[in-house]
Amino acid sequence: MTSRHRAFAALLISYLLGVVLVLVQGDQSGSASKTTTEHSPPDWLASDGFDEIRFKMDRVNEYNCHILKRDQLYLPEGTVTHLPDIKKININPLYPNRTSLLHLHNMALTRSFYWSYVLQSRYYKPPINDTYDPGMMYYFLSTVADVSANPYINASAIYFAPNTSFTPSYRGFFNKTMPLFAPRTFRSDDFNDPVHLERISTRNTFIAQDLGAIPTGQVSKDYTQELYMINEWYHQWLPDLSERHDTKLTYQVEIRYANNTNITHTFHGPPGPHEAGSPVKWTRPYFDCGRSNRWIFAAVVPIVDLYPRYTGFRHIEIPKYTAVSVVEMDFDRIDINQCPLGPGNNETNMFANTARCKSETTDCEPIHGWGFRRGGYMCRCKPGWRLPFTVRRPYLGEIIERASPEQYYNGFNCDKIGFIQKIPTELSKVKPARREEYLEYYHQFRNYSKGPDSVKDDKMNDHEVMQFILGVNRRTCKGYTPEQLKLPGDFSFGAEEFYENEAKMGLRLANFISAFEQLSDPKEVYSGKRVADKELNEDQMIAEVVALLFGNPRVWSAGVFWDRKKFKGRTYFAPFAYREETENSHDVIRRKVEDLARLNSTDEIYTKNEWFQLLKTRWAADTEDLEKYFVKMMVRYNETGESLKKYEHYPTDYRAANLNHGYWTVPYFDCNGKVKKWLITYASPFFGWNSLKNKLEFKGVVTVSMDLLQLDINQCDDKFNVPNAFKGTHKCDKKSSYCVPILGRGFSSGGYKCECKQGFEYPLEDRFTYFDGQLVDAEFQNIVEDKQTRYDLYKCRLAGASSIQFSWVLLLILLMIHYRFNRR
């Protein structure tokens, strides 16, 4: 080739490169302008639903709330969405950011069942010239325990309708009613309280008041009147004007006492889950004006009693809603959903579409635990898109909300995946050499134990373990020894968080017994006609454990186990409530109770249980580590409630266990017990004064048991010191993906997803951006059994490696090189 030809070729190449460069720049500028148009810059100062609610909240305070209109004290209906529904609790998985609302739901329901049961229990007792109802201290300390054992609960109350509350707390008051009665406890800010010299808010100070003690003429303090302003909870169920016997659902409790006598107590309670509507109604968020002065949200459940009483004519004693149980929490602690409306977010949501995810390439996903503030979401790449090489995890909403306009316009995008492959329909076996590689790496699938020995292997075969656990039932359990029906403690990893709400309900009962044993003295003498509460009786303890089962469908059994000679009149006393797994799984109106004190042989007595012995030994000598709670109680001046006065011991305090003082058992299958399921039990101690009233002593234990098979297992990798039996048993390709747990799968393998690592992309044409763990586990099991599989397909691909694009420049250069060398 001559110099002239070389110059011509160079000129031609330069020209073509310039043309291509201009075209590329034009295309880029066009796409940039298009992107700018599509991503219309959000006006960061524009008001949205969040700003509207924030403005309504900020304009109300404790100084002006008394003169504002009623509507200004409430937030709109769509402020709190995705409310727990009792009809769907055991069907659909619950959002993690709604577990606190579910606990609020269950606590209100539990208290409704307790009061409905105990107020109607007089009908199977001998008639006396007195009422069997609990005294006023029982009401007050019950609401105190609701709040003290649950950090997320701000207040608890019971509001009676006019002239429907009977009480044994006043002499000569038989068959008489108080005009109004409403014991309420709310958590107080004790930062400036003189009892705390450290000036640190402990959240352990509670103010208990009888809101039914109203001075004459002050109608605005009557919670049944419209002038009360914030009494939406009262009008949810009251007043009840029904005049028929069949308007309230009946529940049955079969009781077996220690002397082997049996009764069936039938009582009317709140609506059931199979009836129209729901037993739990929710109020709009409201400002608790003149009381706690906070924005709160409440769950409301009715309490049933037969009214009128003591007529001698059962046909005119009608079951009616005579009171409501109201449990409240701070509105600021409730998570909001800022994502766009769609499946799973199709309700009237005031905060919908306030997220700042770029909808062209990303999808919005809520994050739990954020409360009422912006940024409680993350932006994930849509199917067919991947994160840029410099980004490791999905974009957090908190970072996006803080970004400047320039950062927002130029970032938080996902890149298009250039080539997406179809999922092949034909399966094939892996090559023998490849299969050997897998079995060498996962050697627990080559050499493993079966049955109960599978849980003891150093490297656990999760497939064999699941077959053993799921294969044990009421018929096959008799073939195993009691030791074989106990799993190691690391099999219940995560139970402390998963069943935290259920543990708090057991803790609440333990706290109540501790408070009553320490603060209520049956021998105390008051001025006027008021008399002290009697000691706790058997019916009250039975009602408490029964309410736990009716109020929480995840609790399978509950019991109160008193130590020897600690319950008045009994050597041993242990009411144990449970529900059986019958053919009709929707049998929600029947429970059974048995006093386990009847099993009083040396080997069977409940005080020999491991959890009882451990807690008794732990708290036998020193109770200083117990949590200290302060109560400021205001009681009514007299039986008609003309005004409030300070309780004789004001302020007072008691000590009780917190959640960490309890004991979690290892998972077990009690083949000889009442509930023949894999269970895990939480036990919490309670305390009272000794006979000299100079020292606290261990009185007994409250237990709640839950189904192990509802617990989500975590197969993902974790630190070496984390006690998780299933740790690292996932089958994700560790080179290109990482494991993320999926909630709601229960106690079964495959409850995870394989997300692509930084620099890798999802290669399949699918509506997901990850590989489901159940599919991955199933395909790997096919390799173990030497069957056809597509396991090797479930791996992420190097990002950009399979991108196919046509380039004119590259084509021309190759043609010129080819022309030059072939010309010779």
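The values are calculated or read from the model by the stated rules, or taken from the named source; none is laboratory data. From a predicted model like this one, the values you see are computed outputs, not experimental measurements. No Cβ is skipped: glycine too gets one built from the backbone with ideal geometry, and neighbour counts run over all protein chains shown. Quick note on the areas: whole protein, heavy atoms, side chains included, nothing else; ligands and nucleic acids left out. Shrake-Rupley method; radii C 1.70, N 1.55, O 1.52, S 1.80 Å.
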Item to complete: Please work out the C-alpha center-to-center distance from segment 233-286 to segment 470-543 and express it in whole Å.
Response: 22 Å
Worksheet, complete the sentence: So, relative contact order of segment 628-723 in percent, Cα under 8 Å, 6 or more apart, is 18 percent
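Please label the shape of segment 735-775 as rounded, prolate or oblate, based on the square roots a ≥ b ≥ c of the eigenvalues of the alpha-carbon gyration tensor (a/c under 1.5 means rounded; beyond that, a/b larger than b/c means prolate, else oblate). Display every interim value, and only then the final one.
Working: a/c = 2.77, a/b = 1.73, b/c = 1.61.
Note, shape of segment 735-775 comes out prolate.
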Worksheet item: Where does helix 432-441 land angle-wise versus the long Cα axis of the chain, in degrees 0 to 90, nearest 10?
Response: 40 degrees
Worksheet entry | Fully extended contour minus Cα-Cα distance, from Arg199 to Ile589, at 0.36 nm per residue | 135.5 nm
Worksheet item: Heavy-atom accessible area of Asp457 with all protein chains present, probe 1.4 Å, nearest 10 Å²?
Response: 50 Å²
Fill in: Where GluC sites (Glu not before Pro) fall in DSSP loop in segment 241-293, at most 10 other Cβ within 10 Å
Glu243
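Using 1/(1 + (r/R0)^6) with R0 = 30 angstrom and r between the beta carbons of Gln218 and Phe55, what's the FRET efficiency to the nearest 0.05? Before the final figure, lay out the partial values.
Numbers: r = 32 Å, r/R0 = 1.07.
That gives a FRET efficiency of 0.40.
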Worksheet entry | Ranked order, His235, His265 - accessible area, probe 1.4 Å, largest first | His235, His265
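Which FRET efficiency value, to the nearest 0.05, is calculated for Asp521 and Glu624 with the Förster distance at 30 angstrom and r the Cβ-Cβ distance? Display every interim value, and only then the final one.
Details: r = 23 Å, r/R0 = 0.76.
That pair, Asp521 with Glu624, gives E of 0.85.
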Worksheet item: Taking all protein chains as present, what is the carbon and sulfur share of the accessible area of segment 241-340, in % to the nearest whole number, probe 1.4 Å?
Response: 52 percent
Worksheet item: Lys87: which aspartates and glutamates have alpha carbons under 15 Å from its alpha carbon, excluding same-chain residues fewer than 8 sequence positions away?
Response: Glu275, Asp587
Worksheet item: How large, in percent, is the carbon and sulfur part of the accessible surface of segment 426-471 at a probe radius of 1.4 Å?
Response: 47 percent
Worksheet item: Nearest 10 degrees, 0 to 90: what angle lies between the long axis of helix 500-519 and the longest principal axis of the chain (Cα atoms)?
Response: 30 degrees
Item to complete: With θ set to phi - 60°, apply the Karplus curve 6.51 cos²θ - 1.76 cosθ + 1.60 along segment 562-573 and write out the HN-Hα couplings as whole Hz, x wherever there is a Gly or Pro.
Response: 7, 5, 4, 6, 9, 9, 4, x, 9, 6, 10, 8
Worksheet item: Just how far, in whole angstrom, is segment 742-788 from segment 659-686 if you go by their alpha carbon centroids?
Response: 33 Å
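For segment 555-643, what is one quarter of the convex hull surface built on the Cα atoms, given in nm²? It would help to have the intermediate numbers written out before the result.
Values: hull surface 45.4 nm².
The directionally averaged projection comes out at 11.4 nm².
Using per-residue counts of other Cβ atoms within 10 Å, averaged over each peptide, order 718-731, 760-773, 429-442 from highest down.
Details: 718-731: 16.3, 760-773: 18.8, 429-442: 12.6.
The most tightly packed comes first, giving 760-773, 718-731, 429-442.
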Worksheet entry | Per residue, in Å², the accessible surface of segment 719-793 once ligands and nucleic acids are set aside, probe 1.4 Å | 44 Å²
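Within the accessible area of segment 39-177, what % is carbon and sulfur when the probe is 1.4 Å and the other protein chains stay in place?
Numbers: 3110 of 5660 Å².
The computed percentage sits at 55.
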Discussion item. Just to check I understand the Karplus step: with θ = phi - 60° and J = 6.51 cos²θ - 1.76 cosθ + 1.60, what whole-Hz values come out for segment 265-276, glycine and proline as x?
Written reply: 9, 9, 9, 8, x, x, x, x, x, 8, 8, 5
Practice prompt. Kindly report, to the nearest 10 Å², the accessible surface of Phe687 as traced by a 1.4 Å probe over protein heavy atoms only.
Written response: 0 Å²
Worksheet item: By the gyration tensor of its Cα atoms, with a ≥ b ≥ c the square roots of the eigenvalues, what is the shape of segment 364-503: rounded for a/c under 1.5, prolate for a/b over b/c, or oblate?
Response: oblate
Response to the item:
Taking only the alpha carbons of segment 311-388, the radius of gyration and the largest Cα-Cα distance, Dmax, both in angstrom, are 22.4, 80
Worksheet entry | Surface per residue (accessible, 1.4 Å probe) for segment 194-270, Å² | 53 Å²
Discussion item. Using Cα-Cα distances under 8 Å and only pairs 6 or more residues apart, what relative contact order does segment 705-824 have, in percent?
Written reply: 21 percent
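Tell me, in nm to one decimal, what length is gained between Asn262 and Asn600 on full extension, where the rule is 0.36 nm per residue of separation less the Cα-Cα distance? Intermediate results must be reported in sequence, preceding the final value.
Values: separation 338, 0.36 × 338 = 121.68 nm, distance 1.80 nm.
Difference between extended and current length: 119.9 nm.
Using 0.36 nm per residue, how much length does the chain from Ser748 to Leu396 gain when fully extended, once their Cα-Cα distance is taken away?
Details: separation 352, 0.36 × 352 = 126.72 nm, distance 3.03 nm.
Computed gain between Ser748 and Leu396 is 123.7 nm.
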Worksheet, complete the sentence: The long-range amide H neighbours of Asp712, using H built 1.01 Å from N in the peptide plane and a cut-off of under 5 Å, are Gly746
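Cβ under 12 Å from Cys357's Cβ, Cys357 left aside: what net charge do those residues give with Lys, Arg +1 and Asp, Glu -1?
Summing Lys and Arg as +1 and Asp and Glu as -1 gives 0.
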Response to the item:
Amide H proximity to Asp133 below 5 Å, modelled H, separation 5+ or other chain, gives none
Practice prompt. Report ³J(HN,Hα) in whole Hz for each residue of segment 722-732, in order, from the Karplus equation J = 6.51 cos²θ - 1.76 cosθ + 1.60 where θ = phi - 60°; Gly and Pro get x.
Written response: 7, x, 10, 5, 9, 4, x, 9, 6, 10, 5
Worksheet entry | Area of His274 that stays accessible when all protein chains are in place (1.4 Å probe, Å², to 10) | 120 Å²
Worksheet item: Quick one: net charge of Ile214's neighbours, Cβ under 10 Å, K/R +1, D/E -1?
Response: -1
Worksheet entry | Cα-based helix-to-principal-axis angle, 773-784 vs the chain, degrees rounded to 10 | 70 degrees
Fill in: Residues of type lysines that Lys787 reaches as a straight line, Cα spacing below 16 Å, ignoring anything fewer than 8 places off in the same chain
Lys429, Lys431
Item to complete: Of the listed pairs Lys456/Lys616; Lys248/Lys281; Lys608/Lys695; Lys699/Lys727; Lys248/Lys645; Lys719/Lys795, which have alpha-carbon separations greater than 28 Å here?
Response: Lys456/Lys616; Lys699/Lys727; Lys248/Lys645
Response to the item:
Counting only protein heavy atoms and rolling a 1.4 Å probe, one gets per residue an accessible area for segment 563-639 in Å² of 56 Å²
Worksheet, complete the sentence: Only helices counted: for the chain, with every DSSP H run of 4 or more residues adding -39500 (n - 2.57) and the sum spread over all residues, [θ] at 222 nm is -7500 deg cm²/dmol
